[in-house]
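To start, the structure under review is shown below, and the notes come after it.
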Amino acid sequence: MDRNEIQLMRKGELHVHLNGLVSSDVIRNLLVHDEAELPFGFDLEKDLNILQPADSLLSYLKPWQVLRLIPKSKNCLKVIIESAFLNLKSQNITFVEIRNSILYLALLNNIAVDEAMHWVVSEIECASERHKIKAALILTISRGDYAPEHLRSLLDAYEKLGRPDIVVGLDLAGNEESESPPETGSLFLKAKDKYELKVTIHAGETGRVENIVSAVNEFGADRIGHGTAASKSIEVMDLLKTRNICIEVCPISNRLTNAVDESESHPVADFIAHNVPFVICSDNPAIHCSSLTEDYLEFYRETNSSQLLRDMYSNQKKYSFIKGEYGN
Ligand SMILES: [Zn+2]
């Protein structure tokens, strides 16, 4: 299969961060427009993109030093979301689950969490309609001491807005080396139960296979983000297979974060061999100056399987959190 053929395939996207979809030119313009104070030594021409494997997670996260400075108004958010949807359109993506941390938007703009959620929900709904791409929102919180408080305030906002249909799931992201308070998992389980939201957890990206087990058993994960460490353990791959939990495989991101070393083959080959469900996703394509097509190509180089790529769209639908025509 060649790039052109893959480009033309209809696709779904189940693991992508809103900021990671926005063109670097748009980000530069917004930062200039807002007269944002850049961190000392930050080079807007070079430091917005990660093109080579980073030597640490911290250096991979460098672009977020300035991404967290935008958008500083609802209008700027609209510009960001439009850029994201143009990116999705260019990849022939027909349905998407976009992740975003609503809390930083509330803090940055000095507005209530429910207002920030309303901004994101309404702008995604408009862009979805404009571009004819079915879109949903996954609410992301970060690991760490304040995870339970952050989850509670997001869920309060979700309730206040009348549980918008577009919100389909919860996501835990951030540094896997930092533990969250023990009640975080049970709060995810309660939210699943009360609101029927689905759960995806970034786990096993930095080699911690035990985080995948706790994502499943303590957080009620329906999908696992990255999950590269699962290949280290037959038991964990069996657990994912038996529970029908899908791994969101992001081939290019996994190389750039060093989740998979340059010298190793990608663990997706083990997932295939053990019948662990997976889908291909792009994580932060614009940061990588890449695209979902490039992730498919990378997967194809690793596995040589065109059939798995032809089945990808129906697999993405199968494991999507979106109900109805484009999902379950
Ligand atoms: Zn991610």
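What to note about this one:
- For the range 208-229, a tally of residues being more than 16 Å from the chain's Cα centre (by Cα), within 16 Å of the ligand (Cβ to nearest atom) and closer than 19 Å to residue 272 by Cα returns 2.
- None of 105, 139, 86 is out of contact with any Gly (no Cβ under 7 Å at 6 or more places or on another chain), surrounded by fewer than 23 Cβ atoms within 10 Å (Cβ to Cβ) and modelled with pLDDT of 95 or more except 86.
- When the range 272-328 is filtered for residues that are among the β-branched types (Val, Ile, Thr) and under 21 Å from residue 255 (Cα atoms), the ones remaining, listed by number, are 272, 276, 279, 280, 287, 293, 303.
- Residue that is surrounded by the fewest Cβ atoms within 10 Å (Cβ to Cβ) [pool: residues in the range 169-207 that are of a type in the set (Asp, Glu) and closer than 27 Å to residue 257 by Cα]: 177
- The residue that is surrounded by the fewest Cβ atoms within 10 Å (Cβ to Cβ), counting only those in the range 13-41 that are within 16 Å of the ligand (Cβ to nearest atom) and not in a helix (DSSP H, G or I), is 17.
- Sole residue being over 18 Å from the mean Cα position of the chain (by Cα), farther than 21 Å from residue 142 by Cα and aliphatic (A, V, I, L, M), chosen from 36, 106, 84, 112: 36
- Complete set of residues in the range 235-252 that are within 12 Å of the ligand (Cβ to nearest atom) and in contact with a Phe, Trp or Tyr (Cβ under 9 Å, 6 or more places away or on another chain): 248, 249
- Being of a type outside the set (Gly, Ala, Ser), away from the ligand (no atom under 16 Å from the Cβ), closer than 18 Å to residue 107 by Cβ and touching a Pro at 6+ places or on another chain (Cβ under 9 Å) is a description that does not apply to residue 156.
- Tally of residues being over 19 Å from residue 8 (Cβ atoms) and of a type in the set (Val, Ile, Thr) across the range 83-116: 4
The values are calculated or read from the model by the stated rules, or taken from the named source; none is laboratory data. Since we're looking at a predicted model, the values are computed, not measured. Backbone-built Cβ (ideal geometry, glycine too); neighbour counts: all protein chains shown.
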